[in-house]
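Participant: The structure is given below, and queries will be raised subsequently.
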Amino acid sequence: MADSKHNPGDPRDGTRKRFGRAERDMVALGIATAAIIMFVGTGGVVVPQVVRSFAGVGLGPDKALTSALLLNIALIIFGWRRYRQLALEVQERRKAEEQAKLLAETDPLTGCLNRRSLADATAELITRGSERGEVVALVMIDLDNFKQINDFNGHSIGDQVLRECAARIAALLPKRALLARLGGDEFACVVPLDPKRPEAIDDLAAELIEAIASRSDVSGNGIEITASLGLTRSDFSREVGEEPADAHTLLHMADIAMYHAKRAGKNRYFWFDAPMQNELRFRREIEQGIRRGIRLGEFVPFYEQQIDLSTGQLTGFEMLARWKSPALGVISPEIFIPIAEEIGAIADLSESVIAQALEDAKTWDPRLTLSVNISPLQMRDPWFAQKLLKMLLEANFPPHRLEIEITESCLHENIGEVRTLVTSLKNQGIRISLDDFGTGYSSLAQLRSLPFDRIKIDRMFVTNLTEDSDSAAIVDAVTRLGKDLGLPVTAEGIENKEILERLMQYGDIKGQGFLYGQPQPASVTRDKLASLDLLSEPPTPSAERITPAIDPKTASQG
Ligand code: C2E
Ligand code: MG
Ligand code: MG
């Protein structure tokens, strides 16, 4: 096609081209119509002359008229060919549109629907089902031991397991049912259901559990996997006197039931029931509270000290968000961040706390750095780098004092996008560290291919360093890896003196943890810095040295 030869850089090119083509089509149509009219006219004169000449009565056709007739024929052929071309173009464009729609609606790995398209398809199924007196059941499926499979067998085997599970689930579903992969190892099926026969879903759930657990011979690895299922029905809410559930609510209900299945020992299913309704109400309360809290400035930054372990010097702070909810008290980011991500509020929330942190950090000694955590969802925002730079500019905060912490899970999303973002942030002087290293599945190749400035060993390994030999081996391996790659290392989760002493053997690394104190609000942090003479004006060298703020014995107790 002509398109493939064209430079795709300028989007206006496409528009120009389409208009150009449309203009040519109008001209071709005009020419063909005129040619047909003229063909009828000239043909009406020339053909009788030809017939007469064959019969030996006339002089033969007029030469000029014959030429005109031939020209008409050529123009009609031209018009016909153009019409064929146009029909082909329309067909190709339709195919491309269908392809784009398919890509937007499906999960590329398994070919199932994705989370976004499942909501619309479920709404349609509910509407159509109600005309037949049907309801729908939602079955949430979460694989139980997928992380280990990925860790032990690698990504490509993990992908094959997911594809195989999708195929096994699809094979058991009735005709009009929907199957989506919600992300990671989580699937959801929406199945039309006769409300008088809910046991059909019990049967289906039992079959699904059995099918998923049957031995898989992906690449001869003999992988064993089980799944936990959560079930719910679209007419359940009405039974407990609430509005009929939409797709979003059904997903939450099934999710809650699925977690009950996990807690009860995995490899089983649970129906969403009345007592779980309270969890759902709490969840809704949190969702609404988050939206309101962002507007009312209830999300605030707390600060955790980061120390150079070899010198004992304070080098900066990690900002950790806290939600001071008037109704629920101080809430941990581990609760509100995943929910804010799910309801699409993470960018607003994060920007609000980062803006406050930049204002706070401006008053600190300029040698102190500020680290902030970024959600994988923000990394997908093509405007994220610009937004951040705008914030730095507005706060008049030097980019070289800012460090962005991204978690390993970002690396599985779209490595190309991540690389572009990381590079553009680095070009502005912002530093990037890889947070919670060791918990995800990032490979050495990924570590090499992205220009990180630092890796942070996950606190789980550091906290267990002195008690668990596996954790010690991981800390040892990561610090070596850091040295080999020329990447500075930070150990998080230093809870006591013993851990600190072990870590100090590694020489030049940074650390943070409760041994140096719990994360504190801006005012407490400011007071502390004032007492150390670390507020804007240059501090005296001796004042920078920090001694653990709490007794190591009590620190290790939590
Ligand atoms: P993280 O970035 O790995 O942050 C370190 C977490 O470890 C913090 O938990 C901190 O309070 C905790 N911690 C520090 N020292 C110790 C220790 O000695 N022992 C133990 N057991 N824990 C320690 P926190 O504040 O609950 O934050 C949890 C996670 O939430 C953070 O993990 C980070 O991934 C995320 N988070 C926090 N603030 C934000 C934010 O503004 N945006 C985003 N996207 N994520 C955030
Ligand atoms: Mg962090
Ligand atoms: Mg971390």
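The values are calculated or read from the model by the stated rules, or taken from the named source; none is laboratory data. Predicted model only: the values in this text are computed from it and were never measured. No Cβ is skipped: glycine too gets one built from the backbone with ideal geometry, and neighbour counts run over all protein chains shown. Side chains are part of the model used for accessible areas, which takes the heavy atoms of the whole protein and leaves out ligands, DNA and RNA. Shrake-Rupley method; radii C 1.70, N 1.55, O 1.52, S 1.80 Å.
Participant: Using alpha-carbon pairs under 8 Å, 6+ residues apart, how would you state the relative contact order of region 301-532 in percent? Walk me through the numbers before you get to the answer.
Facilitator: Values: 364 pairs, mean separation 49.7, N = 232.
Once normalised by length, the contact order is 21 percent.
Participant: Within region 294-325, list the residues whose amide N lies under 14 Å from a label point set 7 Å along Cα→Cβ of GLU501.
Facilitator: none
Participant: Counting only C-alpha contacts under 8 Å and six or more residues apart, can you give the relative contact order of region 264-403 as a whole percent?
Facilitator: Once normalised by length, the contact order is 21 percent.
Participant: Taking amide H positions as placed in the peptide plane 1.01 Å from N, state which residues far from GLU405 in sequence (5 or more) or on other chains have amide H under 5 Å from it.
Facilitator: VAL372, ASN373, ILE374, SER433
Participant: Report, in listed order, any pair from LYS387/LYS426; LYS95/LYS387; LYS426/LYS497; LYS362/LYS390; LYS497/LYS528 with a Cα-Cα distance greater than 26 Å.
Facilitator: LYS95/LYS387; LYS426/LYS497
Participant: Two decimals, Cα atoms only, Kirkwood Rh: what is Rg/Rh over the chain? Mind showing how you got there, number by number?
Facilitator: Details: Rg = 33.3 Å, Rh = 28.8 Å.
With Rh from the inverse mean 1/r over Cα pairs, Rg/Rh is 1.15.
Participant: A further question follows. Relative contact order for the chain using alpha-carbon pairs under 8 Å, separation at least 6, rounded to a whole percent? Kindly include the intermediate steps, with their values, before the conclusion.
Facilitator: Details: 813 pairs, mean separation 50.9, N = 558.
Relative contact order, the chain: 9 percent.
Participant: Quantify, in whole percent, the carbon and sulfur part of the accessible surface of the chain (1.4 Å probe; protein heavy atoms only). Please list the in-between numbers first.
Facilitator: Details: 16250 of 28950 Å².
Summing carbon and sulfur atoms, their accessible area is 56 percent of the total for the chain.
Participant: Can you give the percent of C-alpha pairs in region 113-272 whose distance is more than 20 Å? Working shown, then result.
Facilitator: Details: 6011 of 12720 pairs.
Above the 20 Å cut-off, region 113-272 has 47 percent of its Cα pairs.
Participant: Nearest 5 percent is fine: what portion of the DSSP beta bridges confined to the chain is antiparallel? Intermediate values should be presented prior to the final figure.
Facilitator: Details: 40 of 67 bridges.
Counting DSSP beta bridges with both partners in the chain, the antiparallel share is about 60 percent.
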